[in-house]
Amino acid sequence: MRTMHPSIMIGSYGWEQDRVPRDEFQIRLDALHALMDRQGLAAVLVYGDAREHAALAWFANFIPRMRWAMALFPRKGEPRLLTSMSPRDVPAMRQMTWIPDVMSGWNWESAFDPWLAKLGGEDPAGIGSIGFDLMRPPLMQSLQKSLGNRFRLQAVDGEVLALRSTRPRELSLIREACKVVEAGAVTMRNAWRGGLGNEAAALEGERVARAMAAQDVRTLVSFDRGRTLSPFRGSFDARAEPFLGYIAVKHMGYWAELFVSEADQAGKPAGAAKAGLSALLQAFETGASAGVLHRRAIDALGPSPLHPVLGGSVGRRMGVSPAEGGELGAGSMHTLVHGHVYGLHVGTADEQSGAIASAMIMLSAAGYDVLVRSPDM
Amino acid sequence: MSIYETRLAATAQHLRDEGLDALVALNFGQNSFLESHAVFVLAGVRPIGESAVVVDRDGGSTLIVTPAWDGERAAALSRTARTVGADDLPAALEKALAARPIDPRKTLTVGLSTLGLDLARRVEAALGGKARADDNYARKLARIRAPEELAAARKATEIAERGYEHFLKFVRRGLREFELAAELYCFMKGLGAEDNFLLLSASQHNLAVTAAGRRLLDVGDIILSEITPCYQGQFAQICRTTVIGETTKVQRDKYALLQEAMRRGQAAAVPGASVREVTNAMDDCLRAAGYGDYCRPPYMRVRGHGLGITSDLPGDLTVDSDGRLEDGMVFVMHPNQYIPETGYLMCGEPVVITSVGAQALSSRMAELDSIAV
């Protein structure tokens, strides 16, 4: 789900070494080194910003609270992390990553060029890039000036995404994120049931999630009985029934999400949403076609259209990003691979109201685990 | 007529004056409290995703927001003539441009350099690769707050002050930094703050303020906070220093130095004054006390700065700035400073420039506060 991005992420983002120790990152780095060897790359540059930083978080444990950061991983030698923060802020940035060498990216030439010079060699060399589509043009110009003609950039986003299967420690962290989002969702539902306005109920859910150490919380609520969703409006007293809300949390670097649909009387959209999610789960297995899964969910909705806020998708992979790819859409050609976590959501809206049912699923070789699902769904 | 309609009309006039056909303002879906948001400046809407406003020389205007499902909300808020919800911004932009007799060579872009490379390239392609850029247009256009914006900035300041009052009641030893930040954030959201650039950290000897971590607060900790709620697109920031337990005489004496620097900065900040002069007025106070060597990074960063998302002018308050202050500019002034005897201390208020100097929007100037234990 697209949500309003905050000016800064306020949660605690320190590197929790007991949960994601250094050896875990060594395994990931080894995989990156193997990729460099296969592709003949001298280094890989991993870029991320406050909005999208999945690869940066996975390899460096670094999540930019604002602006951007770039991890520089050479095949031989030591990595360096550049952050778009002032030199004064660098000591605090060091607490957020396993990479010891952290520098301000504001002094580009003194931070990047000496590191690049250490790559050595006289012949033209390849450097892999990740996330560069998100980079602002002025920074790209500085980078290209530094690289000159001796280095050629080669995007390896797809290859790296394939490396990032969900590791056991990651699954443990996602399970915890699911507990946090469930607590937030149940609080949201109960607060609305208790008589609070829609947005006030969402804020109660957010408060509970943040108190449980959520690093980021995004909420949306409907003011028109579930037909559409809205970011924060400040209309705490406004109460619409049926209730439709959304909450996503990031906890220990991993995202989890749920929709909350509530009504005093079960309406047609709510029934269709439950049927759609149920049909999707029945067909959900390793090797299943994403396009076929989408069709199963749509068929279960009957004549009702898929809820417009879902953008034509009934699910996608989730992890260090709320959208890791693997969309379950009408035109999706891929098949499901075990080891991934999916956020699933099916719902519909008509002229009067709307509802969405959702769940977080871990796909295994033997089947799947439901990590969490919408309250009362 | 709202300020947004005034700005749209001024933009159309600017296009006619410059012999241009259209202006395309862009945003990447970011709400940076240190940058101008060109789409918000013109349309009065904070879209969820990537967005654009097209203004033509005849006064026509179109807001394009992503994702498509946000279109209905945006249309209700926007002051543009048309609003379009889309999932593909460049495609929707191309369509909007094609609907008007616009020559790409006579088109001005604002904010193109703030987009990601991929999106920037696609937008450039939609514009035929011929548009010229003026990334300063929106920040200049909105550099003086309109009455309704100043009212919203005052409301944001009130939320910040009420948030800090709540902070003083809520904080206690044994609480973690992030728990305090979470409570403060949600409390201010409950007062109407749609966003909050909140930094909050503690130490017995701070080097700077940072975002909240897992530190357990305890007696003797000095909590630094930059409380920055946003109300209707107006960020306002107060900088506060809070000691758990009794304050010491040296802490009080050094904090008084920052308060005096703040007063001198306010007095110097009259319309026409340079940012450099105002910065020096604050620095002189610290130099006179023997801290001249500390009036530079990493012991401080800036003496204040503009506040997005409307306009970040007058920019950073530094001795290197050539900027000049104008009546009605709003920014935060903060002579925050590392002092060897106490560590980093924070003291700052949002201010508006008036003929007699920088008037604080806050009702209570920063004091060195303490929490009884």
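The values are calculated or read from the model by the stated rules, or taken from the named source; none is laboratory data. Since this is a predicted model, take the numbers as computed values, not measurements. Here the Cβ positions follow ideal geometry from the backbone for every residue, glycine too, while neighbour counts run over all protein chains shown.
Odds and ends about this structure:
- As a summary of the residue check, B:Y164 satisfies the conditions (1) away from chain A (no Cβ under 12 Å); (2) surrounded by fewer than 20 Cβ atoms within 10 Å (Cβ to Cβ) except for the one numbered (2).
- Any hit, segment B:180-197, residues being touching a strand residue (DSSP E or B) at 6+ places or on another chain (Cβ under 9 Å), surrounded by fewer than 18 Cβ atoms within 10 Å (Cβ to Cβ) and modelled with pLDDT of 95 or more: no
- Matching residues, segment A:6-37, being surrounded by fewer than 22 Cβ atoms within 10 Å (Cβ to Cβ), outside any helix (DSSP H, G or I) and not aliphatic (A, V, I, L, M): A:G14, A:W15, A:E16, A:Q17, A:D18, A:R19, A:P21
- Number of the condition not met by B:K130 [criteria: (1) in a loop (DSSP other than H, G, I, E, B); (2) within 28 Å of the chain's Cα centre (by Cα)]: (2)
- Among the residues making up segment B:306-339, those that are among the aliphatic types (A, V, I, L, M) and outside any strand (DSSP E or B) are B:L313, B:L317, B:V319, B:L325, B:M329.
- Qualifying residue in segment B:101-121 (condition: at pLDDT 95 or above, of a type in the set (D, E, K, R) and closer than 29 Å to A:D49 by Cα): yes
- Which listed residue is more than 12 Å from chain B (Cβ to nearest Cβ) and more than 30 Å from A:M1 (Cβ to Cβ), from A:R80, A:R94, A:R88: A:R80
- Filter result for B:S203 (over 15 Å from B:T342 (Cβ atoms) and of a type in the set (S, T, N, Q)): no
- Qualifying residue in segment A:204-217 (condition: assigned by TED's automatic domain parsing to the domain that holds A:M66 and assigned to a loop (DSSP other than H, G, I, E, B)): no
- Residues that are farther than 30 Å from B:L180 by Cα and of a type in the set (F, W, Y), drawn from segment A:12-39: A:F25
- Looking across segment A:171-207, the residues that are crowded, with 24+ Cβ neighbours inside 10 Å and farther than 22 Å from A:A240 by Cβ come down to A:I174, A:A177, A:C178, A:V180, A:V181.
- Taking segment B:49-63 as the range and being small (G, A, S) and either surrounded by 24 or more Cβ atoms within 10 Å (Cβ to Cβ) or under 17 Å from B:R7 (Cβ atoms) (or both) as the test, the residues that pass are B:S51, B:A52, B:G59, B:G60, B:S61.
- Those residues of segment A:246-255 which are of a type outside the set (S, T, Y) and either out of contact with any helix residue (DSSP H, G or I) (no Cβ under 9 Å at 6 or more places or on another chain) or over 20 Å from A:H307 (Cα atoms) (or both), in sequence order: A:V249, A:K250, A:H251, A:M252, A:G253, A:W255
- Among (1) part of a strand (DSSP E or B); (2) of a type outside the set (F, W, Y); (3) under 25 Å from A:T3 (Cβ atoms) - the single one B:L108 does not satisfy: (3)
- Subset tally (residues that are more than 17 Å from B:S370 (Cα to Cα), crowded, with 19+ Cβ neighbours inside 10 Å and more than 18 Å from the chain's Cα centre (by Cα)) for segment B:339-356: 1
- Matching residues, segment A:26-57, being touching a strand residue (DSSP E or B) at 6+ places or on another chain (Cβ under 9 Å), away from every other protein chain (no Cβ under 14 Å) and more than 13 Å from A:F73 (Cα to Cα): A:Q39, A:G40, A:A54, A:A57
- Enumerated strands (runs of 3 or more DSSP E) restricted to segment A:39-156, each holding at least 3 residues that are crowded, with 21+ Cβ neighbours inside 10 Å, among the hydrophobic types (A, V, I, L, M, F, W, C) and touching a Lys or Arg at 6+ places or on another chain (Cβ under 9 Å): A:41-49, A:68-74
- Checked against the criterion of being within 26 Å of B:I227 (Cα to Cα) and either touching a strand residue (DSSP E or B) at 6+ places or on another chain (Cβ under 6 Å) or within 14 Å of chain A (Cβ to nearest Cβ) (or both), segment B:88-97 has no qualifying residue.
- Every residue from segment A:218-230 that is small (G, A, S) and either in the same structural domain as A:R65 (by TED's automatic domain parsing) or in a loop (DSSP other than H, G, I, E, B) (or both): A:S222, A:G226
- Single unsatisfied condition, A:S358 versus (1) crowded, with 23+ Cβ neighbours inside 10 Å; (2) in contact (Cβ under 8 Å) with a residue 40 or more places away in the chain; (3) in a helix (DSSP H, G or I): (3)
- B:R46 being crowded, with 19+ Cβ neighbours inside 10 Å and either within 17 Å of A:P231 (Cα to Cα) or at pLDDT below 95 (or both): yes
- Index of the failed condition, A:L173 passing every other in (1) away from chain B (no Cβ under 12 Å); (2) within 30 Å of A:A263 (Cα to Cα): (2)
- The set of residues from segment B:205-224 being within 13 Å of chain A (Cβ to nearest Cβ) and among the small types (G, A, S) comprises B:A208, B:A211, B:A212, B:G213.
- Residues considered: B:R82, B:R73. Of these, the only one that is within 14 Å of chain A (Cβ to nearest Cβ), farther than 23 Å from B:R145 by Cα and modelled with pLDDT of 95 or more is B:R73.
- Of all the listed residues (B:L63, B:L117), the sole one being more than 10 Å from chain A (Cβ to nearest Cβ) and free of Cβ contacts under 8 Å to residues at least 40 places away in the same chain is B:L63.
- B:E177 meets the conditions (1) crowded, with 18+ Cβ neighbours inside 10 Å; (2) touching a helix residue (DSSP H, G or I) at 6+ places or on another chain (Cβ under 9 Å); (3) facing chain A (nearest Cβ under 9 Å) in every case but one. The failed one is (2).
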